[in-house]
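To start, the structure under review is shown below, and the notes come after it.
The values are calculated or read from the model by the stated rules, or taken from the named source; none is laboratory data. Note that the structure is a prediction, hence the values are computed from the model and not measured. Neighbour counts are summed over all protein chains in view; Cβ atoms, including those assigned to glycine, are modelled from backbone coordinates with ideal geometry. The protein model used for the area step is the full one, side chains on, heavy atoms only, and it has no ligands, DNA or RNA in it. Shrake-Rupley method; radii C 1.70, N 1.55, O 1.52, S 1.80 Å.
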Amino acid sequence: MNIEKLPKVLEALAKYRLKQAKEAVFKNLIGDWNKATFLPLGLREELNQKCPLEIKAEALVSKKKDSVKARITLEDGLLIETVLMRHKDGRNTVCVSSQVGCPLGCTFCATGKMGFRRNLTPMEIVEQVIYFARYLKKGGKKVTNVTFMGMGEPFLNYDNVMKAARIINTKEKLNIGARNISVSTAGIIEGIEKFAKEGTQINLAISLHAPSNELRSKLMPINRRYHLERVLAAVDDYIKKTKRQAMFEYLLIKDVNDTEACAKDLARIMKHPLYYVNLILYNPTIGNDFKPSTAERVKKFKEILKNNKVVFSQRFRFGEDIQAACGQFAGKKSQE
Ligand code: SAH
Ligand code: SF4
């Protein structure tokens, strides 16, 4: 899909036709210009050539049918992955990629393993939401939430991510409420600082995964550049400016960061009233030996957080059977 040339192709027509054409793309979610019957036939053909709406993708549905992974082929042939999670409460969350690969190389992450290829354009990000909006429309349903938790580090592609978020949020475009959009960062401080000044209701999530610099640097090499204290200071400043909560994602990896000592250290640094912790059981991926924590460890870990009055929740797991869970986005088949 590429609608960059849309204004140019419709240049000779009255202005409202362009508005109508955009509505057809973002509201009626057409996948073929022939459906835009308000346009002359010849023009529709020209549009199909110059502004193709087709999204080249392969979809994989999980056994429980609550999660769908789409592997999208971009114009230059590179692959990205995007996932739809269908929650029991009716929310339909699309988890989008912001880069092809990721340069940060976290040791536990499948995307990190593949290295970095390039940033996605705003429309390449938006297209992922449109793909699932079209998919859900067939059953009379809508995308309700978008998270930037697919492949890549959103704050290393800051401008395009914010442009995409605006298109996703705009009433005349995809009209998904800012409070239903979340951006997750591994802790790029300049990004957090910029984000704090946006004046947006979009949620901020930080991948924490360890309560000390020593352990965090082992898991997330970026921590050597942006130490934990500096990340937390940037988040505190964000909270001061925006009065909004900040979510900290904490993976539970067996025998790595799930000990009682880790839980206590985590509780100590998560004291802020507007912090909350989202525990995520590690999803095994190819290329490393990490395993999810045992049920017993998870229970103990949560007990310690609770006793220390840390606000937390545990994320429901989706789509492990189709390698569609957090951190499993590798842009290729798992067997390859
Ligand atoms: N680069 C950003 C956003 C994409 S990753 C970031 O790191 O925040 C989205 C989330 O999935 C992050 O919290 C990431 O740490 C987590 N994740 C990575 N690998 C995972 C795995 N194997 N199991 C569960 N979560 C994983
Ligand atoms: Fe990149 Fe996030 Fe994966 Fe780390 S966890 S390698 S930052 S996508």
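What to note about this one:
- Considering segment 82-163, the qualifying strands (runs of 3 or more DSSP E), each wholly inside and each with 3 or more residues that are away from ligand 2 (no atom under 16 Å from the Cβ), run over 92-95.
- Against the list (1) without any contact (Cβ under 8 Å) to a residue 24 or more places away in the chain; (2) in a helix (DSSP H, G or I); (3) within 18 Å of F312 (Cβ to Cβ), the condition P273 fails is (2).
- Close Cβ contacts (under 9 Å, 6 or more residues apart or on different chains) running from residues in segment 199-225 that are free of Cβ contacts under 8 Å to residues at least 12 places away in the same chain and farther than 20 Å from V146 by Cα to residues that are assigned to a loop (DSSP other than H, G, I, E, B) and within 15 Å of ligand 1 (Cβ to nearest atom) comprise S217/A210.
- Counted residues, segment 303-318 - those being among the β-branched types (V, I, T) and in a loop (DSSP other than H, G, I, E, B): 2
- Across segment 28-63, the qualifying residues are those that are touching a residue at least 60 places away in the same chain (Cβ under 8 Å) and not aliphatic (A, V, I, L, M), and the one among them that is most open to solvent (accessible area, probe 1.4 Å) is K63.
- Subset of segment 201-223 (residues that are part of a loop (DSSP other than H, G, I, E, B) and within 12 Å of ligand 2 (Cβ to nearest atom)): L208, H209, M220
- Only one of the numbered conditions (1) more than 15 Å from the chain's Cα centre (by Cα); (2) under 15 Å from M149 (Cα atoms); (3) not in a loop (DSSP other than H, G, I, E, B) is violated by K69, and that is (1).
- Scope segment 140-151; condition touching a Phe, Trp or Tyr at 6+ places or on another chain (Cβ under 8 Å) and either within 14 Å of ligand 1 (Cβ to nearest atom) or open to solvent by 50 Å² or more (accessible area, probe 1.4 Å) (or both); matching residues: G150, M151
Here is a yes/no grid of residues against (1) open to solvent by 30 Å² or more (accessible area, probe 1.4 Å); (2) out of contact with any Gly (no Cβ under 6 Å at 6 or more places or on another chain); (3) within 15 Å of ligand 1 (Cβ to nearest atom):
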| position | (1), (2), (3) |
| --- | --- |
| N203 | yes, yes, yes |
| H209 | no, yes, yes |
| M220 | no, yes, yes |
| R230 | yes, yes, no |
| D236 | yes, yes, no |
| K243 | yes, yes, no |
| F248 | no, yes, yes |
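- One residue stands out in segment 257-269 among those that are aliphatic (A, V, I, L, M) and open to solvent by 40 Å² or more (accessible area, probe 1.4 Å): the one that is nearest to I304 (Cα to Cα), namely A261.
- Of everything listed in (1) away from ligand 1 (no atom under 15 Å from the Cβ); (2) over 23 Å from M151 (Cα atoms), the single unmet condition for K254 is (1).
- Unique match (being in a helix (DSSP H, G or I), within 23 Å of the chain's Cα centre (by Cα) and aromatic (F, W, Y)) among Y226, Y238: Y238
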